[in-house]
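Contents: one structure, followed by commentary.
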Amino acid sequence: MSSTESLQSFSSVWDNRSMWSNRSCPLEEEALRLPLAVLYSLIFLFGLLGNLLALWVFLFLHRRRNSVRVFLINVALADLVLLACLPFRVLYHALGNVWTLGPRMCRVVGNLFYMNMYVSITLLGLISLDRYLKIMGSHRGRRWLRGRSWSLVTCGLLWGLSVLMAVPMMALAEGNEEPGKCYQYKQRKHARGKAYFNLVMVAVFWLVFVVLLVSYGQIARRLLRASQDKPHLPNAARYARTARKSFVVPLLFTVCFVPYHAFRGFYVASQLQDISCETRRLMDRTNEAVLLLSALNSCLDPVMYFLLSGSVRRATLQALAQCLRLHAEPPATNSSTTELRRTSVSHASTTAVLDTSRCSLGNITTLRSQHTDLHPHSEPCVHRSGLSD
């Protein structure tokens with residue numbers, strides 16, 4: 001027998017042994033099946049509505065064309081692609097934890113989910129870095145960051161690299177797939193490459209997490225110092241409020257992503273060694289719980305935009321109010337229609353002037369030195385969490 005035939009024979013024996021081991025140790029908890037289906041359905045519905053609304057505001061209602069707007073559009077797109085993977089998971093749990101679409105479709109859906117989760121994580125880190133550099137960076141750096149070209153290039157590179165890494169994962173079988181199963185714990189002693197890749201992504205998350213904490217921590221410190229050193233300024237109270245709210249993004253990041261990635265290292269390590277059936281079941285159930293929190297972030301991101309961005313909030317509320325007004329009012333005559341248009345144009349012009357005088361999404365001015373006396377009416381416009389007040 002040749003060495004190739006021996007290798008194929010060994011691989012076949014291992015695949016059969018792995019499938020027998022999985023069947024002799026059923027991992028899924030029947031009591032979790034219905035709650036998971038319901039929770040993923042709710043995340044899908046609320047996340048879909050919220051991200052479509054956010055995307056509509058960013059593309060058609062928001063006036064500013066800056067780097068943060070580019071990043072937020074891409075976050076919304078990544079969340080929508082991730083959400084598109086959830087109905088497959090709902091169907092899987094609804095059918096009794098049975099996958100009917102074949103192993104290749106399982107790989108496609110699973111890798112798309114994880115790819116867009118990490119794209120979203122990286123983009124949130126880039127937003128924090130963008131805000132930090134525009135507040136704390138040099139004048140030359142601020143001039144470079146003021147435009148949106150760098151954010152367009154960065155997002156293009158991020159998407160390209162993500163697709164380049166995800167496509168081989170989708171195309172190549174691991175050899176340990178169990179028929180009729182998709183979202184379950186798998187041994188990877190003979191698929192170590194993917195296990196090590198997962199560990200690399202865990203390291204990427206912790207790097208982004210540190211950048212995000214440092215950036216927002218420094219932003220909050222600068223804003224608090226500005227409000228304390230110049231309490232007589234008209235916007236001093238706003239600076240303090242903005243500093244406190246700048247911790248909302250790290251808080252959501254911690255709640256949604258930290259449990260998953262704190263557990264992920266133990267999960268991957270267990271896949272590379274022989275463990276008992278009970279330990280496998282514990283790993284599988286814990287992974288389901290922390291992964292649910294990660295998916296929850298996709299429907300909390302739009303809430304974050306609305307709560308932290310004054311310009312997004314105003315644009316959304318004005319658009320909703322206009323829609324409700326149009327549905328509530330009877331059809332107008334030509335003269336009243338003309339008057340309504342004039343009023344709308346006047347209101348839009350007034351809003352534009354107000355927005356120009358306030359902080360708007362992604363356009364930030366550096367806080368000046370403590371030793372510089374600021375005129376009471378010319379203090380800089382300050383942002384919170386990469387979003388406007």
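Every number in this text was worked out from the coordinates using simple rules, so none of it is lab data. Predicted model, so just to flag it, every value in this text is computed and none were measured. Glycine gets a Cβ as well: all are built from the backbone with ideal geometry, and neighbour counts include every protein chain shown.
Excluding residues on the same chain fewer than 8 positions from K189, give the lysines whose Cα lies under 27 Å from its Cα.
Straight-distance partners of K189: K181.
How do S298, S276 line up, fewest other C-beta atoms within 10 Å first? Please report the intermediate quantities before stating the final value.
Working: S298 28, S276 9.
Ranking S298, S276 by Cβ neighbours within 10 Å, fewest first, gives S276, S298.
Please express the Cα-Cα pair-distance distribution P(r) of region 229-334 as a list of whole percents, one per 5 Å bin, running from 0 to the bin with the greatest distance.
Binned Cα distances yield the sequence 2, 9, 12, 11, 11, 10, 9, 9, 8, 7, 5, 3, 2, 1, 0, 0.
Considering all alpha-carbon pairs of region 209-260, what whole percent are spaced by more than 14 angstrom?
For region 209-260, the fraction of Cα-Cα distances above 14 Å is 53 percent.
Using only the Cα atoms, what convex hull volume per residue in Å³ does region 87-138 have?
Values: hull volume 3.7 nm³, N = 52.
About 72 Å³ per residue, rounded to a whole number.
Between L95 and L164, 0.36 nm times their residue separation minus their Cα-Cα distance comes to what? Don't skip to the answer; put the middle values down first.
Numbers: separation 69, 0.36 × 69 = 24.84 nm, distance 3.27 nm.
Working it through step by step, the gained length comes to 21.6 nm.
For K245, list the lysines whose Cα falls under 25 Å from its own Cα; do not include residues on the same chain fewer than 8 positions away.
Those lysines meeting the cut-off are K134, K230.
Using a/c under 1.5 as the rounded threshold, could you call region 246-307 rounded, prolate or oblate? The axes a ≥ b ≥ c are square roots of the C-alpha gyration tensor eigenvalues, and prolate needs a/b larger than b/c, oblate otherwise. Before the final figure, lay out the partial values.
Working: a/c = 4.52, a/b = 2.82, b/c = 1.60.
Judged from the Cα gyration tensor, region 246-307 comes out prolate (a/c at least 1.5, a/b above b/c).
Based on the mean of other beta carbon atoms within 10 Å per residue, what is the order of 183-190, 112-119, 197-204, most packed first? Before the final figure, lay out each step's value.
Details: 183-190: 18.0, 112-119: 21.6, 197-204: 14.5.
Going from most to least packed, we get 112-119, 183-190, 197-204.
Report the full-extension gain for the segment R285 to L45: residue separation times 0.36 nm, less the Cα-Cα distance, to one decimal in nm. Intermediate results must be reported in sequence, preceding the final value.
Details: separation 240, 0.36 × 240 = 86.40 nm, distance 2.39 nm.
My answer for the length gained is 84.0 nm.
Under 18 Å Cα-Cα from K194, which lysines qualify once same-chain neighbours fewer than 8 residues away are excluded?
K186
What does the extension gain come out to for A171 and H190, with contour length at 0.36 nm per residue minus their alpha carbon separation? Can you show the working numbers first?
Numbers: separation 19, 0.36 × 19 = 6.84 nm, distance 1.72 nm.
Contour length minus Cα-Cα distance gives 5.1 nm.
Is region 172-232 best put as rounded, prolate or oblate by its Cα gyration tensor, with a ≥ b ≥ c the root eigenvalues, rounded for a/c under 1.5, and otherwise prolate when a/b is larger than b/c, oblate when not? Each step should come with its number before you reach the end.
Values: a/c = 7.81, a/b = 4.01, b/c = 1.95.
Prolate, because a/c is 1.5 or more and a/b exceeds b/c.
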